[in-house]
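To start, the structure itself, in structure tokens.
The values are calculated or read from the model by the stated rules, or taken from the named source; none is laboratory data. Quick caveat, the model's predicted, so the values are computed rather than measured. Using ideal geometry, Cβ is built from the backbone for each residue, glycine included, and neighbour counts are taken over all protein chains shown.
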Amino acid sequence: MNDEMDVAVCRTPGNMATERRAVPRRQDGEVLIRVRRVGVCGTDLHIYAGNQPYIEYPRIPGHELAGEVVETDPGSALSPGTTVCIMPYMSCGNCGACRAGKTNCCRNIQVLGVHRDGGLAEYLSVPEQFVLDAGTLSLDDAAMVEFLAIGRHAVARANVQPGQRVLISGAGAIGIGTAYFAKLAGGDVTICDMRAERLDFCKRHLGVNALQAGPGLAEQLSDLSNGEFFDAVFDATGNKSAMEAGFGYVGHGGTYVLVSIVGHEISFSDPEFHKRETTLMGSRNATLRDFDAVIAELASGRLPAESLRTHRSTLQELPARIAEWAQPATGVIKAIVSV
């Protein structure tokens, strides 16, 4: 193993390049991982664009990670060569949220690729409790566990029940994952988006209702639900206007889950909120339980993972490709970087 490695670093908004950095030294309790696959998500694109609210530059992005174990402590349950995925939410284990088992919203959380350098690098060393044996999963599938776990966590937050009407706003990778697990829970799922090709994907591969977002959407949703709207609504758009509009799609006694995040205040009608006795939830990251559930679902072969992977590049190609992938016309659902 060399002393240096290649990384992709976002130096400033709109400026990504590959560099040579020192290979990290493994500390006691950590696992040194040879990163092999990195999924590119909306967070990475926001970092590149300069509109991610928690970022400081320069930063090595990348938090959807799969790789192979290189070195661990003696007696570790993980052995060299094991295919693993990484939980990128470095929780402290000591704060009130962690003590309550809500490590996904740790007060002192350090998310790989956001608060600290991430996995767009040849090697990464992280505490063993955040490294999961991916079992029989391929490297490609293992790199998809993180974003699918976010959707699974959101559905668990809403406690979706069989027969409930469910609406997902936003048919990107997170919205698609949310739709999949909402349907798995027995929900009658509708998804809406501005992009026709994403809606076609959802109809073909998920078998859900799919509606074009835009003028007249509220009327379409009212007609579809006989004027009652939805028991559970999930926003996965990252768009302030869409997030605010979503309050109007929640049925009386329903739940609204904000999966996406924007760097703005959002507002809603308090009389409508109270009239419907709306339950409003944030859904942040995911837990080990979510990761385990997604690994099992991917291993079952039911989840259309291969169809989700629409674009690829190498680490060296990424700086030239990321600006392209940020354009809606590119049609990216999930891009995978081989390291």
Report task. Provide a single number: the residues in segment 35-71 that are crowded, with 18+ Cβ neighbours inside 10 Å, in a strand (DSSP E or B) and either aromatic (Phe, Trp, Tyr) or under 22 Å from the mean Cα position of the chain (by Cα) (or both). Result -> 11
Query raised in the report: Regarding Ser267, is this residue modelled with pLDDT of 95 or more, in contact with an Asp or Glu (Cβ under 8 Å, 6 or more places away or on another chain) and over 30 Å from Ala17 (Cβ atoms)?
Result: yes
Query raised in the report: Restricting to segment 317-338, what's the tally of residues that are surrounded by 13 or more Cβ atoms within 10 Å (Cβ to Cβ), farther than 21 Å from Met194 by Cβ and not β-branched (Val, Ile, Thr)?
Result: 5
**Report entry** Residue check, Arg59 touching a Gly at 6+ places or on another chain (Cβ under 9 Å), closer than 30 Å to Ala293 by Cβ and not hydroxyl-bearing (Ser, Thr, Tyr)
**Finding:** yes
Query raised in the report: Does Ser125 satisfy the criteria of being modelled with pLDDT of 95 or more, farther than 21 Å from Ile322 by Cα, assigned by TED's automatic domain parsing to the domain that holds Thr83 and small (Gly, Ala, Ser)?
Result: yes
Query raised in the report: If you go through segment 302-339 one residue at a time, how many are among the small types (Gly, Ala, Ser) and in a loop (DSSP other than H, G, I, E, B)?
Result: 2
Report summary line: Selection over segment 135-183 where residues are assigned to a helix (DSSP H, G or I), over 25 Å from Gly119 (Cα atoms) and not hydroxyl-bearing (Ser, Thr, Tyr) yields a count of 8
Query raised in the report: Given the residues Asp231, Asp200, Asp223, which is the only one that is of a type in the set (Asp, Glu) and closer than 25 Å to Gly331 by Cα?
Result: Asp200
Query raised in the report: So is Ala299 out of contact with any strand residue (DSSP E or B) (no Cβ under 6 Å at 6 or more places or on another chain), assigned to a helix (DSSP H, G or I) and not aromatic (Phe, Trp, Tyr) or not?
Result: yes
**Report entry** Selected residue (only one of Ala213, Ala245 is among the small types (Gly, Ala, Ser), surrounded by fewer than 20 Cβ atoms within 10 Å (Cβ to Cβ) and assigned by TED's automatic domain parsing to the domain that holds Ala173)
**Finding:** Ala245
Report task. Identify the residue in segment 162-193 that is surrounded by fewer than 23 Cβ atoms within 10 Å (Cβ to Cβ) and free of Cβ contacts under 8 Å to residues at least 60 places away in the same chain and, among all such residues, is nearest to Leu224 (Cα to Cα). Result -> Asp188
Requested in this report: Keeping to segment 266-282, report how many residues are part of a loop (DSSP other than H, G, I, E, B) and surrounded by 13 or more Cβ atoms within 10 Å (Cβ to Cβ).
Outcome: 4
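Results for (1) touching a residue at least 60 places away in the same chain (Cβ under 8 Å); (2) under 17 Å from Phe291 (Cβ atoms); (3) within 15 Å of the chain's Cα centre (by Cα), shown as yes or no for each residue.
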site: Cys105; (1), (2), (3): yes, yes, yes
site: Glu122; (1), (2), (3): yes, no, no
site: Gly135; (1), (2), (3): yes, yes, no
site: Leu148; (1), (2), (3): yes, yes, yes
Query raised in the report: Taking only pairs six or more apart or across chains, which ones have beta-carbon atoms under 6 Å, a first residue in segment 51-70 that is in contact (Cβ under 8 Å) with a residue 40 or more places away in the chain and among the charged types (D, E, K, R), and a second residue that is crowded, with 22+ Cβ neighbours inside 10 Å and assigned to a strand (DSSP E or B)?
Result: Arg59/Cys10; Glu64/Gly39
Query raised in the report: When segment 1-25 is examined, which residues are found to be in contact (Cβ under 8 Å) with a residue 60 or more places away in the chain, in contact with a Phe, Trp or Tyr (Cβ under 9 Å, 6 or more places away or on another chain) and not in a strand (DSSP E or B)?
Result: Met1, Gly14, Val23, Pro24
